[in-house]
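These notes concern the structure reproduced below.
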Amino acid sequence: MAERVVEVITVQVHQDCDIGSCEGEMLSTYISYPISPPLHEHACNICGTKQNFRKTYPHIDYRSKEQ
C-alpha cells in the first residue's frame, strides 16, 4: 500500500429553505433527537419553517481539490 497526499480546501456548507419563493436559510435550533443517527432541528430564518437534518447547518466541510 502506498500513501497518497491530497490537497483540500475548507468550505462552509449552508442549507437553503425549500419553501417556494422563500429565500431563507435553515439554521440550527440546537434541538437534537437522540435516535441513531441523530436528527437536528432547523428553522428558516425568514419564514420559520422547521425541518430536521442529519447534519447541523451551517457547518464546515473539507473538499478535495481533485473533485
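Screening the candidates TYR62, TYR57, TYR30 for the property of being of a type outside the set (A, V, I, L, M), at pLDDT 95 or above and at positive phi yields one hit, TYR30. For the structure I just gave you, tell me whether GLU41 is touching a residue at least 24 places away in the same chain (Cβ under 8 Å), within 21 Å of ASP61 (Cα to Cα) and acidic (Asp, Glu). So GLU41 fails the test.
The values are calculated or read from the model by the stated rules, or taken from the named source; none is laboratory data. In this text, all values refer to a predicted model and were calculated from it rather than measured experimentally. Cβ atoms come from the backbone with ideal geometry, glycine included; neighbour counts cover every protein chain shown.
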